[in-house]
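Structure first, commentary second.
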Amino acid sequence: MSKPYTITLAINRYDPDTKLSWIQAYQVEASGILRFVDVLRKINDEQDPTLAWASSCEHAQCGSCGIIVNGKPLLACELLVREAVQQFNTHTFRLRPLTIAPVLRDLVVDLEKAYDRVHEAKPYLIKPAPPCPEGDEYRISPETLEVYVEATQCINCFCCATACISSHHHFLGPNATMANIVRLMDPRETAKDERMDILCSEDGVYRCHTSKSCSFVCPKDIDVSHFLALGKEGRF
Amino acid sequence: MGEKLTIDSTLRCDVLVIGAGGAGLRAAAHIAEQRPGTKIIALTKVVSPQKSHTTTAQGGMAAVDPKDPEDRPIFHIFDTWKGSDCSADQNVIKKICDMGWEEVVWLERHGMHFSRTEEKRIAKRPFGGHMLNFGETKAFRACYEASRTGKGIMDTVWNESLKYGVAFIGQCIATEILLKDGICIGAVIFRFPEGKFMAILAKATIVATGGNTRMYQVSSNCRGNTGDGLAIALHAGLPVMDLEAVQFHPTGIVGPGILASEALRGEGAILRNKDEEPFMERYAPTAKDLAPRDLISRAIVQEMRQGRGLFHEGHNAPHVWLDLRHLPKEVHEKKIQEVCSFFKRFVGVDPEKDLCPVTPTAHYQMGGIPTNEFGEVQSDTQQAIVPGLFACGELAAASLHGLNRLGTNSLLELITMGKVTGERAVEYLKDAKDPEAPPPEAGHIVFDQFSTYLNAQGKEKYAQIRDTLRNLMMDKVGIFRTEKSLLEAIESLRELKEKAMHITVGMTSLRANQDLWQIWELNNLITVSMVIAQGALARKESRGAHFREDYPTRSNEFNYHTLVFMPEFDKIILGKRPIDTSIFEAKGEHYELFDYIKREY
């Protein structure tokens, strides 16, 4: 069956008490089908209980375990050792925290702060249309839904925002901007003017430089840049 | 240890929600909508409510549209009663099933992206145990959003709470429920990033911390589902109910334990043993691979026990096969593509060509903090309520599920009971007074716990105790139980608790100390495990998900809910709560179906 791999993880460490940062290398023997979250747990169990990293559901449904591996932002719960070896063509990996929020310790960043950007984009229906005359739910055809359903799969892992060349300064970021665009496309939303203001604000969609790195790294395979392009063109 | 442990600050609010998942935030959203200006604080262990465990639910939310030409709420009520193996409460079943559709409509009008039919209506799919005409034929009752219904629900209640200005505090744990003169006045919390303790005083407190199956070796639960809410309730002297009822989903993906949805078997997937024999034919000749979850889980373990299981070297775990190779290409590509991608991604097999390794995975806690049908927490066997304290969702037991839950009834429960609890809290707030100050002893429970962890000089290892616990619970308090296995487990749990006191913590800083946090969680898991084992020991029968090999049938003697008090570790006090049979007693139409009927499929 699967042969064990010997891999080295060189991990960014940060101690909030002393404010010291350093890079620490861990050598791990791991079966190829272990995920990076399993490898991090193995380091905690066998070598160093102080190494901090984040995760929750561990099957790519919550987006808590984003890290940067050899330059690529991804979910640690999705990356199998053998695939990492193949994909990056190495047995040595550099693990860094996402760059989208302050580091709390080691690989854990304060995603609570990153979420402020999503909150600014108002992901809810600001002003829902009046209920449909027949009662019950709004009537939406599968064809209408199909146009924007892909974007509703976003889990706000901030991998795209980390990869985005423009998101660190005055851009809400690809995921937050897309949350606004989804509601612009949603037939139940009537507050389109308010949404257009968010879309075209100083932090809005025109800060996007169309590098398309968001689509390239999205763990949910959402073509984020496509939705941003629709936003720029005003095609809802 | 340098720092002295103290409560650094006190916050005040009208409503404190502990656990910002589907149930907690449905309650919060209701209160915010109905009572503008209410100051609500919602706590979560994760960074944002959006990342709660609710978001991982796949299949759907059961609800009968009263205008449906075929389906009727009474069929749903019957299915739930039968599915529970006659141990759920009929008043609660009726209330929840009757409310289901209006809650689906609420979610949709607040922005949930349900899948649609050609008629532009919400799409529905069949699910195990949900039938028309009292068990005749499958019902289309599960309203769904692709295979991410839980995410749709979670996003919606989170969005609504956000819209109405609910304040979220993330990355924190509630370590103590504050009671003063028998009234709940809030909680003590600990924040991960700063390592600070805080008291939050509230007129009303809603506990909704979700499930707790991380004490099992294979579990579909999130990393943080460690029974914290149950542990702090027990510590406050409150009872918990029916914890012995742990649902094992038969097809967890070997290794990570992620669910391979029932939908796969719905499409024709077949379970096979080492010899590739389709073994379910022997256990359930009629229903075969679509038999109820508990029955299939038991069959899989039987196969393993009799040497017909397999062993996965990479994950170091036993398993059987799920065979999807014979399904049409179109089914693979369109209907089950998302679930199949889990096999590709997490175990590296291609379900179109390869057999897929699966194993039963601890999935859901049917029991919980006992509440009445309004989400008010009960404090004793007389069902007296604790003023100001509410519970809902998987943490609570009202009880809709009894000792066994039907698929898609959990999302239904957390949304309906969330709303009902919110309604009751709004009522309660009318006359509720602001708590004056935190009691002087507030925080001492967690200070004692943390001091023990931080000062322990032993050589015990966190990982070793965690793994021992998880294997122990799987082997002895899992799918099959006997008096012998349970007594052994209880003895081992005592030893583990003792050992857990001597774990050397990796570092003594309070700030972002993952190790300290996990040791606290491990203690909660051991606490809850003890209650599960004791409840299982006392229930000398087999009912729903609770199976005793030494008492393999259901017994009328046990027609009640198990209550367990454990104010201190291992100090067990057992009690009972009667099962509500109000539908049967009302002697209305079809009442005879609501007797203690046989559960056959």
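Quick one: A:Ser167 ticks every box in (1) modelled with pLDDT under 95; (2) of a type in the set (S, T, N, Q); (3) touching a Ser or Thr at 6+ places or on another chain (Cβ under 6 Å) bar one, so which box is it?
Unmet for A:Ser167, out of (1) modelled with pLDDT under 95; (2) of a type in the set (S, T, N, Q); (3) touching a Ser or Thr at 6+ places or on another chain (Cβ under 6 Å): (3).
For B:Gly367, only one of the following conditions fails: (1) within 14 Å of chain A (Cβ to nearest Cβ); (2) buried (at least 22 other Cβ atoms within 10 Å of the Cβ). What is its number?
(1)
Just to check your reading of the model, which residue among B:Glu176, B:Glu160 is under 17 Å from B:Ile415 (Cα atoms) and under 24 Å from the mean Cα position of the chain (by Cα)? Let's see the steps before the verdict.
On the way: B:Glu176 fails: under 17 Å from B:Ile415 (Cα atoms).
None of the others qualify; the one that does is B:Glu160.
Might you let me know whether the range B:195-216 holds any residue that is over 16 Å from the mean Cα position of the chain (by Cα) and among the charged types (D, E, K, R)?
Yes, some residue in the range B:195-216 is over 16 Å from the mean Cα position of the chain (by Cα) and among the charged types (D, E, K, R).
It is to be established whether one or more residues within the range A:120-139 are touching a Lys or Arg at 6+ places or on another chain (Cβ under 8 Å), within 7 Å of chain B (Cβ to nearest Cβ) and among the aromatic types (Phe, Trp, Tyr).
Checking the range A:120-139: at least one residue is touching a Lys or Arg at 6+ places or on another chain (Cβ under 8 Å), within 7 Å of chain B (Cβ to nearest Cβ) and among the aromatic types (Phe, Trp, Tyr).
Let's see how each residue does on (1) of a type in the set (Lys, Arg); (2) touching an Asp or Glu at 6+ places or on another chain (Cβ under 7 Å); (3) in contact (Cβ under 8 Å) with a residue 40 or more places away in the chain:
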| residue | (1), (2), (3) |
| --- | --- |
| B:Gly393 | no, no, yes |
| B:Ala397 | no, yes, yes |
| B:Leu406 | no, yes, yes |
| B:Lys419 | yes, yes, yes |
| B:Glu436 | no, no, no |
| B:Phe450 | no, no, yes |
| B:Arg466 | yes, no, yes |
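If you go through the range B:278-299 one residue at a time, do you hit one that is part of a loop (DSSP other than H, G, I, E, B), closer than 30 Å to A:Arg82 by Cα, at pLDDT below 95 and small (Gly, Ala, Ser)?
Pass one, the range B:278-299, residues part of a loop (DSSP other than H, G, I, E, B): B:278-279, B:284-287, B:291-292.
Filter again for closer than 30 Å to A:Arg82 by Cα, leaving none.
For the range B:278-299, residues part of a loop (DSSP other than H, G, I, E, B), closer than 30 Å to A:Arg82 by Cα, at pLDDT below 95 and small (Gly, Ala, Ser): absent.
Would you confirm, using the coordinates I've provided, whether B:Gly407 is on the phi > 0 side of the Ramachandran plot and touching a helix residue (DSSP H, G or I) at 6+ places or on another chain (Cβ under 7 Å)?
No, not satisfied.
Here are the criteria: (1) crowded, with 16+ Cβ neighbours inside 10 Å; (2) more than 10 Å from every other protein chain (Cβ to nearest Cβ); (3) free of Cβ contacts under 8 Å to residues at least 40 places away in the same chain. Tell me which single one A:Gln47 does not satisfy.
So the condition that A:Gln47 fails would be (1).
Only one of (1) surrounded by 21 or more Cβ atoms within 10 Å (Cβ to Cβ); (2) without any contact (Cβ under 8 Å) to a residue 24 or more places away in the chain is not met by B:Ala533, so which one is it?
Of everything listed in (1) surrounded by 21 or more Cβ atoms within 10 Å (Cβ to Cβ); (2) without any contact (Cβ under 8 Å) to a residue 24 or more places away in the chain, B:Ala533 misses just condition (2).
So the check is Cβ under 6 Å with 6+ separation or different chains; which pairs have a first residue in the range B:43-71 that's facing chain A (nearest Cβ under 9 Å) and part of a loop (DSSP other than H, G, I, E, B) and a second one that's surrounded by fewer than 24 Cβ atoms within 10 Å (Cβ to Cβ) and aromatic (Phe, Trp, Tyr)?
B:Ser48/A:Tyr115; B:Asp65/B:Trp101
On the basis of being surrounded by fewer than 18 Cβ atoms within 10 Å (Cβ to Cβ), touching a residue at least 60 places away in the same chain (Cβ under 8 Å) and more than 8 Å from chain B (Cβ to nearest Cβ), does A:Thr162 make the cut? Don't jump to the end; show me each part of the working.
Numbers: surrounded by fewer than 18 Cβ atoms within 10 Å (Cβ to Cβ): no; touching a residue at least 60 places away in the same chain (Cβ under 8 Å): yes; more than 8 Å from chain B (Cβ to nearest Cβ): yes.
For A:Thr162, the condition - surrounded by fewer than 18 Cβ atoms within 10 Å (Cβ to Cβ), touching a residue at least 60 places away in the same chain (Cβ under 8 Å) and more than 8 Å from chain B (Cβ to nearest Cβ) - is not met.
Could you please let me know if B:Tyr428 is of a type in the set (Phe, Trp, Tyr) and in contact with a helix residue (DSSP H, G or I) (Cβ under 7 Å, 6 or more places away or on another chain)? Can you show your working first?
Details: of a type in the set (Phe, Trp, Tyr): yes; in contact with a helix residue (DSSP H, G or I) (Cβ under 7 Å, 6 or more places away or on another chain): no.
No; evaluated as a whole, the condition is false for this residue.
Which members of the range A:2-16 meet the condition of being of a type in the set (Gly, Ala, Ser) and assigned to a strand (DSSP E or B)? Give the steps one after another, and end with the answer.
Taking the range A:2-16 as the starting set, the residues that turn out to be of a type in the set (Gly, Ala, Ser) are A:2, A:10.
The answer is A:Ala10, and nothing else.
Can you tell me which residue within the range A:16-37, out of those that are under 22 Å from B:Ile519 (Cα atoms) and at the interface with chain B (Cβ under 8 Å from one of its Cβ atoms), is surrounded by the most Cβ atoms within 10 Å (Cβ to Cβ)?
A:Pro16
Could you grab me the full set of residues in the range A:51-105 that are charged (D, E, K, R), within 11 Å of chain B (Cβ to nearest Cβ), surrounded by fewer than 24 Cβ atoms within 10 Å (Cβ to Cβ) and touching a residue at least 60 places away in the same chain (Cβ under 8 Å)? If you could, list the steps in order and put the result at the bottom.
From the range A:51-105, those charged (D, E, K, R) are A:58, A:72, A:78, A:82-83, A:94, A:96, A:105; that's our starting set.
Remaining after also requiring within 11 Å of chain B (Cβ to nearest Cβ): A:58, A:78, A:82-83, A:105.
Among the residues that remain, those that are also surrounded by fewer than 24 Cβ atoms within 10 Å (Cβ to Cβ) are: A:78, A:82-83.
Once the filter is applied, which keeps residues that are charged (D, E, K, R), within 11 Å of chain B (Cβ to nearest Cβ), surrounded by fewer than 24 Cβ atoms within 10 Å (Cβ to Cβ) and touching a residue at least 60 places away in the same chain (Cβ under 8 Å), the range A:51-105 yields A:Glu78, A:Arg82.
Within the range B:116-124, is even one residue under 24 Å from the mean Cα position of the chain (by Cα), within 13 Å of chain A (Cβ to nearest Cβ) and part of a loop (DSSP other than H, G, I, E, B)? Reasoning before the result, please.
To start, the set of residues in the range B:116-124 that are under 24 Å from the mean Cα position of the chain (by Cα) comprises B:124.
Within this subset, residues satisfying the condition of being within 13 Å of chain A (Cβ to nearest Cβ) are B:124.
Still in the list and also part of a loop (DSSP other than H, G, I, E, B): none.
Scanning the range B:116-124 turns up no residue that is under 24 Å from the mean Cα position of the chain (by Cα), within 13 Å of chain A (Cβ to nearest Cβ) and part of a loop (DSSP other than H, G, I, E, B).
Against the condition of a type outside the set (S, T, N, Q), part of a helix (DSSP H, G or I), surrounded by fewer than 21 Cβ atoms within 10 Å (Cβ to Cβ) and in contact with a strand residue (DSSP E or B) (Cβ under 9 Å, 6 or more places away or on another chain), how does B:Lys484 come out, does it pass?
Values: of a type outside the set (S, T, N, Q): yes; part of a helix (DSSP H, G or I): yes; surrounded by fewer than 21 Cβ atoms within 10 Å (Cβ to Cβ): yes; in contact with a strand residue (DSSP E or B) (Cβ under 9 Å, 6 or more places away or on another chain): no.
It is false that B:Lys484 is of a type outside the set (S, T, N, Q), part of a helix (DSSP H, G or I), surrounded by fewer than 21 Cβ atoms within 10 Å (Cβ to Cβ) and in contact with a strand residue (DSSP E or B) (Cβ under 9 Å, 6 or more places away or on another chain).
Yes/no matrix, rows are residues, columns are (1) within 10 Å of chain A (Cβ to nearest Cβ); (2) within 16 Å of A:Glu46 (Cα to Cα); (3) in contact (Cβ under 8 Å) with a residue 40 or more places away in the chain; (4) of a type in the set (Lys, Arg):
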site	(1), (2), (3), (4)
B:Gly458	no, no, yes, no
B:Ala463	yes, yes, no, no
B:Val477	no, no, yes, no
B:Glu483	no, no, yes, no
B:Leu487	no, no, yes, no
B:Ser492	no, no, no, no
B:Leu496	no, no, no, no
B:His502	no, no, yes, no
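When the residues of the range B:81-113 are filtered to those that are surrounded by fewer than 24 Cβ atoms within 10 Å (Cβ to Cβ) and among the aromatic types (Phe, Trp, Tyr), which remaining residue is farthest from the other protein chains (Cβ to nearest Cβ)?
Out of the qualifying residues, it is B:Trp106.
Rundown of residues vs (1) surrounded by fewer than 20 Cβ atoms within 10 Å (Cβ to Cβ); (2) acidic (Asp, Glu); (3) touching a residue at least 24 places away in the same chain (Cβ under 8 Å); (4) assigned to a helix (DSSP H, G or I), yes/no style:
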| site | (1), (2), (3), (4) |
| --- | --- |
| B:His561 | no, no, yes, no |
| B:Glu568 | yes, yes, no, no |
| B:Lys576 | yes, no, yes, no |
| B:Asp580 | no, yes, yes, no |
| B:Glu585 | yes, yes, no, yes |
| B:Leu593 | yes, no, yes, yes |
| B:Ile597 | yes, no, yes, no |
| B:Glu600 | yes, yes, no, no |
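Looking at B:Gly182, B:Gly195 in this structure, which one is among the small types (Gly, Ala, Ser), within 14 Å of chain A (Cβ to nearest Cβ), in contact (Cβ under 8 Å) with a residue 24 or more places away in the chain and surrounded by fewer than 24 Cβ atoms within 10 Å (Cβ to Cβ)?
Numbers: B:Gly182 fails: within 14 Å of chain A (Cβ to nearest Cβ).
Only one candidate passes the filter, namely B:Gly195.
The values are calculated or read from the model by the stated rules, or taken from the named source; none is laboratory data. As the structure is a prediction and not an experimental result, all values here were calculated from the model. Counting neighbours? That spans all protein chains shown, and the Cβs are built from the backbone with ideal geometry, glycine included.
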